[in-house]
Amino acid sequence: VLGSLAAALVLNTHSLLASLQRNELSERRFLQLNKCPACWGTSWCRKFLNGQLRLESWGRLRLLDFFNVKNVYFARYGEPREGSRRVVLKRLGSAQELADIDTKICRRATGRGRCDLLQALPATEFASLNGDVRLLTPGAVEGWSDLVHCPSQRLLDRLVRRYAETKDSGSFLLRNLKDSERMQLLITLAFNPEPLVLQSFPSDEGWPFAKYLGACGRMVAVNYVGEELWSYFNAPWEKRVDLAWQLMEIAEQLTNNDFEFALYLLDVSFDNFAVGPRDGKVIIVDAENVLVADKRLIRQNKPENWDVWYESKFDDCDKEACLSFSKEILCARVTVDHNYYAICQNLLSRHATWRGTSGGLLHDPPAEIAKEGRLEALLDECANPKKRYGRFQAAKELREYLAQLSNNVR
């Protein structure tokens, strides 16, 4: 692969130099703006098209897209008189996944795999909620994605009210959105709801997610947080203890909060989190697979066993970042230990494996802590409990113990 890449670099020297000089982020085709409203939004188009964003160094070389499977780019964003800052740009899918979106839209509208998207969209469910529809209701979107696997009206009103790709944000009335904005909202909800998670549970209000900035076509911009959690795998013990404590605090916040929305992380791995270089704060940077359950609705409807504590089953698989869960149960129980389980098993305990390593973030503790054995026992019980409801108690004690260790080293 490297040899082929080197040959391609030599043969395409002229075009490579041209690509380094050209600002593709100001080109409508690169942004796939022509796909709209089958896109993520247009709120930042003026900034993109005016050249306020530029890809960093090697990100300008399209030959390297072969390695950039997730279509994530780093760029500099500049405001007049404010200097520039680093941002992260996401297409929210691989090239194949984005092509599949077009195919699905065409098949839903015409029964064929290829079509004119703009002509096909009015014949899809994304255009069915026209200007006469007052609210986005659960029956219209339930099961479209993890975010709305079991939506409540309260959640959907929140999504619409906080939708950032409209100038009329702040209203929960769907009819206040333009037709194109409604379609963009629904398409985002169906194919990759990450932007809606970031908008509805914003970092400005203390939620542990990256800050959403805006979109243009099929490119969204979010705030650059820092290096992935993976880069801290061999950091000093004191640093890893602090990071582990923050991760357990995130699990608690997403599970139990004053808003009574439980946000369950269905994909937990070292590259889904990042750490701020200045404040050392842990932030979730991949929020595509987040299931939101409305605890108020569960208490109101009282489904079978709704008040029975749910214990997630330990998944001892051979792959990285394994999780075992039932979306239906997550949607139907008030007290669930899923987030503690996901963090302990996939990030902190000896069961965590990532990129050929094992032992988790808290590997190789100091001799006195290893000899005491409390940390290892709490991690084991949190990942793979031996007692009934053991994970709930272990998670609570682990948070307190990590806080104690973190304070001790400070």
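The values are calculated or read from the model by the stated rules, or taken from the named source; none is laboratory data. Everything numeric in this text was worked out from a predicted model, so none of it was measured. No Cβ is skipped: glycine too gets one built from the backbone with ideal geometry, and neighbour counts run over all protein chains shown. With ligands, DNA and RNA removed, areas are computed over all heavy atoms of the protein, side chains included. Shrake-Rupley method; radii C 1.70, N 1.55, O 1.52, S 1.80 Å.
Taken together, the residues in segment 217-238 that are assigned to a helix (DSSP H, G or I) and crowded, with 16+ Cβ neighbours inside 10 Å amount to 3.
Within this structure, Asn256 fails the test of being at pLDDT 95 or above, open to solvent by less than 10 Å² (accessible area, probe 1.4 Å) and within 26 Å of Glu397 (Cβ to Cβ).
Looking at Leu361, is it open to solvent by less than 60 Å² (accessible area, probe 1.4 Å), part of a helix (DSSP H, G or I) and either in contact (Cβ under 8 Å) with a residue 12 or more places away in the chain or not polar (S, T, N, Q) (or both)? No; evaluated as a whole, the condition is false for this residue. In segment 368-396, the residues that are closer than 17 Å to Tyr341 by Cβ reach residues that are open to solvent by 50 Å² or more (accessible area, probe 1.4 Å) and at pLDDT 95 or above with C-beta atoms within less than 6 angstrom, at least six apart or across chains, in these pairs: Leu378/Glu397; Tyr389/Trp309.
Inside segment 335-358, residues that are touching a strand residue (DSSP E or B) at 6+ places or on another chain (Cβ under 8 Å), open to solvent by less than 50 Å² (accessible area, probe 1.4 Å) and part of a loop (DSSP other than H, G, I, E, B) make up a count of 3. Of all residues in segment 365-385, none satisfies being part of a loop (DSSP other than H, G, I, E, B) and open to solvent by 50 Å² or more (accessible area, probe 1.4 Å).
Out of the residues in segment 113-147 meeting the condition of being at pLDDT below 90 and charged (D, E, K, R), tell me which one is least open to solvent (accessible area, probe 1.4 Å). Checking each candidate, the answer is Glu125.
Here Cys322 meets each of (1) among the hydrophobic types (A, V, I, L, M, F, W, C); (2) assigned to a helix (DSSP H, G or I); (3) open to solvent by less than 50 Å² (accessible area, probe 1.4 Å) with one exception, condition (2). Is at least one residue of segment 54-73 among the aromatic types (Phe, Trp, Tyr), closer than 25 Å to Phe209 by Cβ, buried (at least 16 other Cβ atoms within 10 Å of the Cβ) and modelled with pLDDT of 90 or more? Yes, segment 54-73 contains a residue that is among the aromatic types (Phe, Trp, Tyr), closer than 25 Å to Phe209 by Cβ, buried (at least 16 other Cβ atoms within 10 Å of the Cβ) and modelled with pLDDT of 90 or more.
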